[in-house]
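Notes follow the structure.
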Amino acid sequence: MKRNLWPRRLAIPGIVLAATGALLGSSALPTLPGFPGLPGLPGREHAARGLNILLMGTDERDILTAGQKQKFHAGGKPCGCSDVLMLIHVSAHRDRVSVISMPRDSYAEIPPYREKPGARERPPHPAKLNAAYQEGGPELMIRTVESMAKLNIDRFLQVDFRRFINSVDEIGGVEVCTPRRLKDTATRLDLKPGKHRLGGGQALQYVRSRHVDGSADLGRIQRQQRFLVQAWREVRERKLLTHPRRMTNLAETLLGAKRQGFSASELVELVAALHRLPDSATEFTTVPIAGFAPARLGIGAALAWDRKKTDALFTTVRDDRPLIERGAEPKPKDPPDILGKTEPVRGSAYACH
């Protein structure tokens, strides 16, 4: 099952909402030959309904220069896992985007699969969620998330370190803001309270940092979500969505030379539908966490989802309903609680002012 058509690992792309925007202009997705059963391919029917896109973020490091690894503290040995996972739901009316983050260390039941046709089927087994990509590439990750969320994934997107850095630089950097100091011992991120314009390498440090405070990966997820909001604002304010040549350059940079779930021309053709989508029409949350998975599973410290609350969350997505009631303006807790209540917030609550 494992293929060499995609990068092995990637960090969360700050420009991904621009790619997601391409999907707002179409109720059906173009098919891609050669991968039967994958989202957007023969065997999956598409109707005028909401769309579910899985963002898989990995951190392939070999594509960076030695100087970049040292400067941005992006060294280390990769595991071939997908460390960032977001389900991006685009409403049927194309007027709302809901983003649900799934912690990489979530407990998961990997479904049965074969590494290649004719190979012996590997039985289902427990693992951390990010291991699904390591074991079976994007196909197995998609099927794992589908089984956990009980919904269909229509499309997927992958972006590695290099494409992340280059995409941020392509739009002239992204402004982030923080009410408190953000200092990470591993990535060497060190931001004072206030606003900061980050180039590609600094942005990579920002979205990778998980040692800023006691919120660990949940705090990192919140910063990743904040970065998505700000990156989308940069793309919108610089009018890239209505400038064909610049949008083509950005799409090609984001997608890179390796095979993706859609082409740059498809992005350019469809992305204009999002250029009026305000921050308040985006929603962000993280799957509710109940505690830790039992140690007897032998997979290390894995987070267990609160099944009742999580099932309700994904039911809302399947029904194409908003996560936040009309008129409500919930405020994010910064930093978030590790095992606290997860409240969805609007993108406008994450935006710098």
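Given a 1.4 Å probe, how much area per residue of region 114-262 is accessible, in Å²?
The answer is 41 Å² per residue.
Simple spin-label estimate for Glu343 and Arg276 gives 3.2 nm between the two label positions (7 Å along the Cα-to-Cβ direction from each Cα).
Applying 0.36 nm per residue to the separation of Leu297 and Arg180 and subtracting their alpha-carbon distance, the gain on full extension is 38.3 nm.
In region 124-196, taking the dipole from charged Cβ atoms about the Cα centre, the farthest positive-side position among Val168, Ser147, Ala186 is held by Ala186. Per-residue packing, averaged as other Cβ atoms within 10 Å, sorts the ranges 196-206, 232-242 into the order 196-206, 232-242, beginning with the highest.
I'd like the distance between the alpha-carbon centres of region 139-207 and region 270-324, rounded to an integer number of Å. A separation of 17 Å, based on Cα centres.
The values are calculated or read from the model by the stated rules, or taken from the named source; none is laboratory data. Values in this document were obtained by computation on a predicted structure and should not be read as measured data. FYI the Cβ positions are ideal-geometry reconstructions off the backbone, even for glycines, and counts take in every protein chain you see. Ligands, DNA and RNA are excluded from the accessible area calculation, which covers all protein heavy atoms including side chains. Shrake-Rupley method; radii C 1.70, N 1.55, O 1.52, S 1.80 Å.
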